[in-house]
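The values are calculated or read from the model by the stated rules, or taken from the named source; none is laboratory data. Nothing here was measured: the structure is a model prediction, and the numbers come from that model. Note: ideal-geometry Cβ built from the backbone for every residue, glycine included; neighbour counts use all protein chains shown.
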Amino acid sequence: MSKVRTRFAPSPTGRMHVGNLRTALYEYLIAKHEGGDFLLRIEDTDQNRYVEGATEIVYNTLAKAGLIHDEGPDKDKGYGPYVQSERVATGMYLEYAKQLVEKGEAYYCFCDKERLEDLHKEAEKRGEVAKYDKHCLQLTKEEVQAKLDAGVPYVIRQNNPTEGHTVFNDILYGDITVPNEDLDDMVLIKADGYPTYNFANVIDDHLMEITHVVRGNEYLSSAAKYNRLYEAFGWDIPIYIHCPIITDENHKKLAKRSGSSSFEDLLEQGFLPEAIVNYMALCGWSPNSDQEIFTMDELIKEFDYTRISKSPAVFDIVKLKWMNSEYIKKMDDETYYEYALPVIKETITKDLDIKKIADLVKTRIEVFPDITEKIDFFQELPEYDIAMYTHKKMKTNSENSLEVLKEMLPLFEALEDYSIPSIEKVAMDYVAGKGCKNGQALWPLRTAVSGKQMTPGGAYEIMEILGKEESLRRIRIGIEKLS
Ligand code: GLU
């Protein structure tokens with residue numbers, strides 16, 4: 001068996017849609033699972049869609065996602081060029097198209113725009129899909145040559161049979177049979193001399209010895225025509241895997257304007273590349289177990305492309321957030337601080353132990369930007385309403401809270417060592433002496449030192465970080481508010 005070779009063939013048109021990222025990931029995993037090669041080919045021949053800088057986005061995305069290509073424009077292993085426009089410049093596509101003309105599998109077409117538009121309109125009237133009517137197939141060799149000599153603009157079309165069937169196979173969909181009369185004589189070489197995607201992908205995949213082609217199922221309807229090209233040349237057909245689309249929660253195609261449709265969007269929202277990759281692996285594929293968190297090596301080991309799902313995958317940002325939080329929890333301290341401290345420093349300019357603050361939120365965030373809202377009270381006691389002291393379950397209200405704070409204040413004033421165990425001891429001794437519930441002391445205390453309904457960590461942790469002076473100041477403010 002030949003070595004597995006897969007390719008990611010993006011058209012550089014902007015940010016990388018998560019669907020494209022998933023395609024790249026599956027291509028990568030298929031290759032690596034079999035010890036094969038993963039190639040990068042830039043399909044930049046559609047001049048209308050080309051976006052400046054988009055090729056850099058492709059490189060950056062692959063690098064950040066850990067999808068390291070073995071071959072590509074920057075790593076030529078003898079199958080180059082790997083940039084389609086550079087391949088066009090060699091004239092190779094036209095040469096291959098001419099071979100097909102020789103074989104009778106393709107023909108020159110000189111029909112002008114008006115005639116093609118008329119064909120379209122007539123088909124529309126009949127309620128049919130427009131198909132080229134093989135008008136130019138009738139031209140004799142001499143007529144064709146005369147037009148070429150006279151410089152009449154032309155395209156080269158595939159010559160598909162009108163009877164019989166073409167069968168092709170897709171791993172997910174099985175054998176698909178298409179009546180040949182449905183096959184349009186698609187354009188292979190455009191009037192500007194450029195190959196169409198439909199032609200170039202076949203030539204390139206063959207010359208680059210690609211064994212598995214993963215792509216979106218929008219290409220499924222063209223696969224029969226690709227097969228006819230492979231057969232016309234006498235080439236091996238690669239294994240096709242047409243992945244279903246990724247939808248939003250309303251089952252509509254995940255659109256750019258959702259703001260979460262590209263890898264770059266997700267990075268900006270604070271997701272970790274590893275978590276995005278892990279999530280995308282499961283967005284349309286499932287392993288043979290209920291494991292959900294995978295390292296890249298585990299994915300490579302487990303990835304079985306026959307388990308890719310045929311039904312559309314729903315992009316579930318809630319799940320991705322959960323996954324991201326799992327990655328954050330598992331981070332070693334050094335890496336975690338690298339991400340968390342800069343976010344914390346944006347909010348906390350006071351001289352506080354920001355590593356302790358970071359530790360406090362580590363298990364409580366989904367993405368790093370979540371930190372800001374959770375820790376802002378350390379910087380400044382927020383304006384809060386005394387209604388916050390009232391808690392039904394804790395059996396607290398503004399009256400008993402005032403009492404508790406007044407009684408505890410001198411105890412904390414007398415405390416020298418402001419560490420969690422000492423603070424806790426003071427509070428617990430107080431609770432024991434008073435004979436009240438823990439919550440009756442701790443709820444007012446935490447409210448006073450944080451001014452917030454919800455905080456990462458309890459009163460002790462917060463007080464230790466704030467230090468004696470600031471904690472006491474906040475308790476006094478609480479007493480004042482409640483008095
Ligand atoms: N350039 C095509 C795209 O970005 C590639 C499709 C394929 O993988 O064959 O959609």
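Of everything in region 178-216 that is of a type in the set (S, T, N, Q) and within 11 Å of the ligand (Cβ to nearest atom), the residue that is farthest from E43 (Cα to Cα) is N198. Looking at this structure, is D204 surrounded by 18 or more Cβ atoms within 10 Å (Cβ to Cβ) and more than 16 Å from V101 (Cβ to Cβ)? Against the criterion (surrounded by 18 or more Cβ atoms within 10 Å (Cβ to Cβ) and more than 16 Å from V101 (Cβ to Cβ)), D204 qualifies.
Kindly provide the set of residues from region 1-14 that are within 13 Å of the ligand (Cβ to nearest atom) and among the charged types (D, E, K, R), ordered by number.
R7
Being more than 9 Å from the ligand (Cβ to nearest atom), touching an Asp or Glu at 6+ places or on another chain (Cβ under 6 Å) and not in a helix (DSSP H, G or I) is not true of L67. Surrounded by fewer than 17 Cβ atoms within 10 Å (Cβ to Cβ), touching a Ser or Thr at 6+ places or on another chain (Cβ under 9 Å), small (G, A, S) and in contact (Cβ under 8 Å) with a residue 12 or more places away in the chain: is that true of S311 in this structure? Considered against the rule, which asks whether it is surrounded by fewer than 17 Cβ atoms within 10 Å (Cβ to Cβ), touching a Ser or Thr at 6+ places or on another chain (Cβ under 9 Å), small (G, A, S) and in contact (Cβ under 8 Å) with a residue 12 or more places away in the chain, S311 comes out as no. Looking only at region 16-42, which residues are of a type in the set (D, E, K, R), surrounded by 18 or more Cβ atoms within 10 Å (Cβ to Cβ) and either more than 9 Å from the ligand (Cβ to nearest atom) or not in a helix (DSSP H, G or I) (or both)? Listed by number, the residues that qualify are R22, K32, D37, R41. Residues that are closer than 21 Å to A31 by Cα number at least 2 in the following helices (runs of 4 or more DSSP H) confined to region 260-307: 273-282, 296-302.
In region 62-87, which residue that is touching a strand residue (DSSP E or B) at 6+ places or on another chain (Cβ under 9 Å) and crowded, with 20+ Cβ neighbours inside 10 Å is farthest from A24 (Cα to Cα)? Only one residue tops the list, namely R87. For region 48-57, the condition of being in a strand (DSSP E or B), of a type in the set (V, I, T) and either away from the ligand (no atom under 14 Å from the Cβ) or under 23 Å from the mean Cα position of the chain (by Cα) (or both) holds for none of the residues. Each residue in region 240-274 was checked for being of a type in the set (A, V, I, L, M, F, W, C) and without any contact (Cβ under 8 Å) to a residue 24 or more places away in the chain, and 1 pass. Counted as qualifying within region 115-221 are the strands (runs of 3 or more DSSP E) with 2 or more residues that are over 22 Å from A89 (Cβ atoms) and either touching a residue at least 12 places away in the same chain (Cβ under 8 Å) or among the acidic types (D, E) (or both), namely 155-158, 165-170, 174-179, 212-216.
Using the structure shown, decide if T45 is under 35 Å from the mean Cα position of the chain (by Cα), surrounded by 16 or more Cβ atoms within 10 Å (Cβ to Cβ) and part of a loop (DSSP other than H, G, I, E, B). Taking the combined requirement at face value, the residue satisfies it. Going through (1) farther than 14 Å from V449 by Cα; (2) outside any helix (DSSP H, G or I); (3) not hydrophobic (A, V, I, L, M, F, W, C) one by one, K425 falls short only on (2).
Filter region 308-357 down to the residues that are outside any helix (DSSP H, G or I), of a type in the set (S, T, N, Q) and more than 25 Å from the chain's Cα centre (by Cα) and list them by number. Scanning region 308-357 gives a single hit, T349. Report yes if some residue within region 438-453 is within 15 Å of K393 (Cβ to Cβ) and charged (D, E, K, R); otherwise report no. Yes, there is a match, as at least one residue in region 438-453 is within 15 Å of K393 (Cβ to Cβ) and charged (D, E, K, R).
Given the structure, is E102 without any contact (Cβ under 8 Å) to a residue 40 or more places away in the chain, under 21 Å from E231 (Cα atoms) and of a type outside the set (V, I, T)? It is true that E102 is without any contact (Cβ under 8 Å) to a residue 40 or more places away in the chain, under 21 Å from E231 (Cα atoms) and of a type outside the set (V, I, T).
Checking the stated criteria, R22 turns out not to satisfy the condition of being modelled with pLDDT of 95 or more and closer than 22 Å to I237 by Cα. Candidates Y226, Y240: the one that is within 14 Å of the ligand (Cβ to nearest atom), closer than 22 Å to R7 by Cα, modelled with pLDDT of 95 or more and assigned to a strand (DSSP E or B) is Y240.
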